[in-house]
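To keep things clear, I will list the structure first and then write my remarks on it.
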Amino acid sequence: MRTGVIGLGAMGAYMAINFHKAGSLHRIWNRSRGKAETIAKETGIEIAESLERLAEECELIITCVSRDEDVLSVIERISASITPGTIVVDTSTVAADTAKKAAEILQKQGAHLLDCPVSGGVEGAKNGSLAMMVGGDESALDRARPTLEAIATNIAYIGPTGSGQSCKAVNQLMAAGINQAVTEALAFGEVMGLDMERVVDIVASGAAGNWFLDHRGKNMLAGSYAPGFKLALHHKDMGICQSMLKNACDASLPMIEMTLIHYQRLMDEGYGNEDISALFRLKRQQLAGSPD
Ligand code: NAP
């Protein structure tokens, strides 16, 4: 399918490159032109004149932008010129209600929205090995699936529109807990005076091993927090989980509330564009009283 990618940030740029390798990339667009020029140079693919032109020229449109309002503004613009039957795959992480609003806007033009948030980090985007959680019309997914396999090795249909995003909220809440556990345990190990490189190696091979420890453990010990996944974006996701839960049963969860507070502190200190593993800064401060 002639595929267009909108949003060439940390995730979208690698997705575009993988569609190109699979032979389906047709147009790209990014709000700030520099990122689009980099991908155009690497792939030889034309930058769309505008969002509206990209929508006219592509049968499958991938969006990967930051927040709910960004998704809706992009969807409003592409809906003006989209061809009936076009499938829009939104890989951004947003609220289930935002996916439903986006689907309604596109439905008026005869186009389909699949909410398809992904997991696997920039490494997964780079390797084309993302896990994709899909909400929407299953027959639209059947049509898009062969093309989407360029970016995701595991594509799971979850249910009607919004279900993909609800599933991603589960993932993000779990990721927050893992971040809390790993950063706190590593700070604890430092206070015990252990050789932490050795600790990471052995712990990673046992029952407490996990993706986050494998991919971020040694970097954070070295005080390196390059994204990865920006802390401010995970803060956005915790806000989504908080409001979804409030709407569903007027409840709150300690993991959500605690992580929101911790991330807000780090954002206030200017660390919002660092990787979520920057939570280690706080844990170190709490235990050792020594900011790094
Ligand atoms: P990023 O590197 O910050 O890139 C964000 C992209 O969105 C940029 O291309 C940006 O354009 C574009 N954008 C933002 N607001 C826009 C608007 N109003 N109109 C048009 N474009 C807009 O973020 P990312 O890490 O790629 O994440 C993108 C989405 O994927 C987020 O929803 C995030 O939660 C989700 N996600 C991220 C990861 C990860 O590990 N990074 C993993 C899974 C899911 P400019 O270049 O002009 O700023």
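Observations on the model:
- Residues whose placed amide H lies under 5 Å from that of Thr161, excluding near-sequence neighbours: Gly136
- Its relative contact order, with pairs defined as Cα atoms under 8 Å and 6+ residues apart, puts the chain at 14 percent.
- Cα-based shape type of region 43-162, given that a ≥ b ≥ c are square roots of the gyration tensor eigenvalues and the cut on a/c is 1.5: rounded
- Applying the Karplus relation 6.51 cos²θ - 1.76 cosθ + 1.60 with θ = phi - 60° to region 275-285 yields 3J(HN,Hα) values of 5, 4, 5, 4, 4, 4, 4, 5, 5, 5, 4 Hz, where x marks Gly and Pro.
- The packing ranking, built from the mean of other Cβ atoms within 10 Å per residue, places the peptides 169-178, 96-105, 272-281, 31-40 in the order 272-281, 96-105, 169-178, 31-40, highest first.
- When Rg and the Kirkwood Rh are both derived from Cα coordinates, the Rg/Rh ratio for region 166-288 amounts to 0.98.
- Each Lys and Arg contributes +1 and each Asp and Glu -1, all at the Cβ; summed about the Cα centre of the chain, the dipole is approximately 200 debye.
- All other residues whose Cβ lies under 13 angstrom from that of Asn247 are scored, Lys and Arg at +1 and Asp and Glu at -1, for a net of 0.
- Compared with the direct C-alpha span, the chain from Asn219 to Ala207 gains 2.2 nm at full extension, assuming 0.36 nm per residue.
- Both numbers refer to the Cα atoms of region 100-203; Rg and Dmax are 18.8, 62 Å.
- Computed Kirkwood radius, in angstrom, where 1/r is averaged over Cα pairs of the chain: 19.8 Å
- In a simple Cβ point-charge model (Lys, Arg +1; Asp, Glu -1; nothing else charged), region 3-161 has a dipole of about 300 debye relative to its Cα centre.
- Cross-link check: pairs Lys168/Lys246; Lys21/Lys101; Lys100/Lys168; Lys100/Lys230 evaluated at a Cα-Cα cut-off of 21 Å; pairs beyond the cut-off: Lys21/Lys101; Lys100/Lys230.
- Less than 5 angstrom separates the built amide H of Arg31 from those of Gly7, Leu8, all sequence-distant by 5 or more or on a different chain.
The numbers here are math on the coordinates, done by the rules we state, and not lab data. Computed from a prediction, not measured in an experiment: that's the story for all the values here. Reconstructed Cβ throughout: ideal geometry from the backbone, glycine too, with neighbour counts over all protein chains shown.
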